[in-house]
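Pasting a structure below so you can have a look.
The numbers here are math on the coordinates, done by the rules we state, and not lab data. None of these values were measured; they are calculated from a predicted model. Cβ: placed from backbone, ideal geometry, glycine included. Neighbour counts: every protein chain shown.
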Amino acid sequence: MKNLWQIAQKINTDHCLILFDEPMKEHTTFKIGGPADLFIRPRSISALEEVVELLKIENVPFFILGSGANILVGDRGVRGAVIDTSLLSSIMHLKREERIDPVLLYAECGVRLMTLCEEAQICGLSGLENFYGMPGSLGGSVYMNARCYEDDIATHIQDLTIIDNQGRLKIISACAQSWSYKRSPFMRGGELESLIICAASFRLIPDDPEKIAERMRLCMRDRMQKRHFNFPSAGSMFKNNHDFGKPTGKILDELGLRNYRIGDAAISPWHANIFVNIGKASARDMRKLIEYAQKVVYDATGFCIEPEVLFIGEF
Ligand SMILES: Cc1cc2nc3c(=O)[nH]c(=O)nc-3n(C[C@H](O)[C@H](O)[C@H](O)COP(=O)(O)OP(=O)(O)OC[C@H]3O[C@@H](n4cnc5c(N)ncnc54)[C@H](O)[C@@H]3O)c2cc1C
């Protein structure tokens, strides 16, 4: 890899904010993670295109960051560049012909799902209520095919704007791609592997804003009751698997893992599938805790539980 400092000089700072050795713990909901060599925050989709093109030409590996709500970043940080999408946050109505449903709501990848849900509610558009309260950006939620209350985000997407392998912006139909439980075509092995999600439009149905708001309140209340926000976490640590006959959280719970801790990395006292940082947890301790839980479950049941949280960078 060439000298990152020299490469960074080629980035237009009117188009992107640039930082060196930026602590990733400031950008993850776990509040864990060492420094990213080069941290780039594009101010527009065209700046994102520009910077991706440059990094590819210069052979610099890069990681696309949404809200950091589903990642565990290693204590030694991330080599190469992290591209932070948080400023790519426009939302726009694409009304189809009057009185014809559904309405399309277009949003860029850095929009927080919470904001998108609130915008839809204000406009009296229903469909995204189940996702209210889930931390994360649009891009990360599409990449993860986020799922809340048995509702997959992919089922609401009409089309996606992506940067293809040639660096071109392209609009593709979402239903032409393969999606499944917590899997998207952007993941390893998928037909859109490693491509960048720039924006998406969602099919929504007009409804009474007050009714939409009430459904959103119920989702948020449920999360608060489950104490999702009491400590820094990345939500559920492991995926569920139908073959196990019960949710992974219940398996962990029955094995007495609630409250188990290694250093400041702990299994939540309220939900055994939520792993939390109760102080200054290191990525190393969190990873040890994950491996410990996997071993306990395997020894007791023979099941291999698969993390949903992604491991990023050097541990
Ligand atoms: C308290 C709490 C509760 C949660 N509850 C749920 C829940 O109910 N259901 C659920 O599914 N998840 C849940 N999560 C996990 C998390 O909120 C979701 O997975 C969310 O979709 C992650 O989005 P993000 O923007 O934070 O992604 P990040 O963590 O930033 O990134 C995740 C992956 O997406 C990729 N990515 C991000 N943006 C782009 C882009 N523009 N183009 C291409 N790739 C991109 C990243 O490179 C990375 O590989 C919860 C998390 C927390 C902290």
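How big is the chain on each of its three principal axes, counting only the C-alpha atoms and giving the largest first in Å?
Answer, in whole Å and largest first: 55, 54, 32 Å.
Further, regarding this structure: Given the convex hull over the Cα atoms of segment 177-315, what projected area results after averaging over all orientations, in nm²? Numbers along the way, then the final one.
Numbers: hull surface 45.2 nm².
With the hull built on Cα positions only, its mean projection is 11.3 nm².
What ranking, highest mean first, results for peptides 254-263, 62-71 when packing means the other Cβ atoms within 10 Å averaged over each residue? It would help to have the intermediate numbers written out before the result.
Details: 254-263: 15.4, 62-71: 23.0.
With the highest mean Cβ count within 10 Å placed first, the list reads 62-71, 254-263.
Which whole-number percent is the relative contact order of the chain (Cα, under 8 Å, 6+ apart)? Mind dumping the intermediate values first?
Values: 670 pairs, mean separation 55.1, N = 315.
RCO, the chain: 18 percent.
Scan around residue 238 for amide H atoms under 5 Å from its own, H built in the peptide plane at 1.01 Å from N, and keep only partners 5 or more places away or cross-chain.
Long-range HN contacts for residue 238: 308.
Looking at segment 4-84 only, what percent of DSSP beta bridges run antiparallel? Nearest 5 please. Numbers along the way, then the final one.
Numbers: 7 of 15 bridges.
Close to 45 percent.
Cα convex hull of segment 91-225: how many Å³ per residue?
About 102 Å³ per residue, rounded to a whole number.
Turning to a different aspect of this structure: Filter the cross-link list 226/246; 10/170; 10/56; 226/250 down to pairs whose alpha-carbon distance in this structure exceeds 22 Å. Can you show the working numbers first?
Numbers: 226/246 18 Å; 10/170 25 Å; 10/56 13 Å; 226/250 14 Å.
Violating the 22 Å limit, Cα to Cα: 10/170.
OK, next. For the chain, what does the helix formula give at 222 nm: sum of -39500 (n - 2.57) over DSSP H segments with n ≥ 4, over the residue count, nearest 500 deg cm²/dmol?
On the way: 7 runs with 78 residues, N = 315.
-7500 deg cm²/dmol, from helical runs alone.
Could you pull out every residue, at least 5 positions away or on a different chain, whose amide H is within less than 5 Å of the one on residue 276? Hs are placed 1.01 Å off N in the peptide plane, and Pro or chain starts have none.
Excluding prolines and chain starts, which carry no amide H, the hits are 266, 267, 268.
Next question, about the same structure. Applying the Karplus parametrisation 6.51 cos²θ - 1.76 cosθ + 1.60 with θ = phi - 60° to the phi angles of segment 201-217, what ³J(HN,Hα) value in whole Hz is obtained for each residue in order, glycine and proline being reported as x?
10, 10, 8, 10, 10, x, 7, 5, x, 5, 5, 5, 4, 5, 5, 5, 4
Tell me which residues come under 5 Å, amide H to amide H, from residue 22 once H is placed; ignore anything under 5 positions away on its chain.
So residue 22 has HN proximity to 36, 39.
Related question: Once you keep just the Cα pairs under 8 angstrom separated by 6 or more residues, what percentage relative contact order results for segment 233-301? Kindly include the intermediate steps, with their values, before the conclusion.
Values: 94 pairs, mean separation 20.4, N = 69.
Across segment 233-301, relative contact order equals 30 percent.
Right, another one. So what is the relative contact order for segment 1-70, in percent, with contacts set as C-alpha pairs under 8 Å and at least six apart? Write down the numbers at each step before the final one.
Working: 74 pairs, mean separation 24.3, N = 70.
Reported as a whole number, the value is 35 percent.
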